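Comments concern the structure below.
The values are calculated or read from the model by the stated rules, or taken from the named source; none is laboratory data. Note that the coordinates shown come from a computational prediction; the quantities given were computed from them, not determined experimentally. Cβ placement follows ideal geometry from the backbone for every residue including glycine, while neighbour counts extend to all protein chains displayed. In case anyone asks, the SASA skips ligands and DNA or RNA and just uses the protein heavy atoms, side chains included. Shrake-Rupley method; radii C 1.70, N 1.55, O 1.52, S 1.80 Å.
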Amino acid sequence: MSHLYKLVQNNNEEMPKCYQKWYAKPVYTETIGLMDIAELIQRNSTAKKSDAYAVLVEMVEVISDALKASKRVHVDGFGTFKIGISSRGADSVEDFNASENIRGCRVLFQPEITTDPSTHKRLKKLIQGMTFQSSASLVNPKEVAGREEPQP
């Protein structure tokens with residue numbers, strides 16, 4: 001199974017090296033949620049859909065609680081979640097006030113990485129072996145991507 005892409009032309013004149021060049025952008029055909037994942041787990045294992053869904057919902061809650069408690073969360077074969085903080089600088093330690101200087105936070109995800117023993121290249125385990133296919137090569141790309149790919 002290949003990941004779909006479409007070609008998009010950069011029309012930003014403020015980027016002279018990239019201006020009017022064509023770039024591949026991913027095309028997503030749908031979004032799947034926890035219930036969809038639970039159904040796929042049911043098809044591929046002996047677990048019932050309802051049991052898989054309950055475990056997935058609880059996993060999300062456990063990860064959220066761990067992140068809020070200053071923990072990094074590693075899911076074997078998947079990757080690591082951690083929190084990143086965005087803050088304004090203070091002139092001194094005494095001048096720093098969390099409610100004024102911390103602007104927000106975000107969840108950072110680093111996919112699990114393996115090393116190819118023959119080439120010593122670092123590979124992201126989740127996308128290892130990924131291939132690509134132009135959405136323009138499909139019979140009706142509008143059905144898949146929502147609009148046709150511009151032709152270069």
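Just to verify a result, which residue in segment 9-26, among those that are outside any loop (DSSP other than H, G, I, E, B) and of a type in the set (A, V, I, L, M, F, W, C), is farthest from residue 132 (Cα to Cα)?
Looking at residues that are outside any loop (DSSP other than H, G, I, E, B) and of a type in the set (A, V, I, L, M, F, W, C), I get 22.
List every residue pair whose Cβ atoms sit under 6 Å apart, with the two residues 6 or more apart in sequence or on different chains, where the first one lies in segment 95-120 and is without any contact (Cβ under 8 Å) to a residue 24 or more places away in the chain and the second, anywhere, is in a strand (DSSP E or B) and open to solvent by less than 60 Å² (accessible area, probe 1.4 Å).
103/86; 104/86; 106/84; 114/123; 116/123
For (1) among the aliphatic types (A, V, I, L, M); (2) in a strand (DSSP E or B); (3) within 22 Å of residue 2 (Cα to Cα), each residue gets a yes or a no:
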{"residue": "30", "(1), (2), (3)": "no, no, yes"}
{"residue": "37", "(1), (2), (3)": "yes, no, yes"}
{"residue": "50", "(1), (2), (3)": "no, no, no"}
{"residue": "54", "(1), (2), (3)": "yes, no, no"}
{"residue": "67", "(1), (2), (3)": "yes, no, no"}
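Just the residues that are open to solvent by less than 90 Å² (accessible area, probe 1.4 Å) and more than 17 Å from the chain's Cα centre (by Cα), please, taken from segment 97-128.
Answer for segment 97-128, where residues must be open to solvent by less than 90 Å² (accessible area, probe 1.4 Å) and more than 17 Å from the chain's Cα centre (by Cα): 97, 98, 101, 102, 104, 114, 115, 116, 119.
For segment 39-48, enumerate the residues that are charged (D, E, K, R) and in a helix (DSSP H, G or I).
The answer is 39, 43.
I'd like the full set of residues that are in a loop (DSSP other than H, G, I, E, B) and either at pLDDT below 95 or in contact with a strand residue (DSSP E or B) (Cβ under 8 Å, 6 or more places away or on another chain) (or both), limited to segment 71-88.
72, 76, 77, 78, 88
Those residues that are open to solvent by less than 80 Å² (accessible area, probe 1.4 Å) and hydrophobic (A, V, I, L, M, F, W, C), I need them from segment 7-49; list them, please.
7, 8, 18, 24, 27, 34, 37, 38, 40, 41, 47
What's the number of the only condition in (1) modelled with pLDDT of 95 or more; (2) loosely packed, with under 14 Cβ neighbours inside 10 Å that residue 52 fails to meet?
The number of the failed condition is (2).
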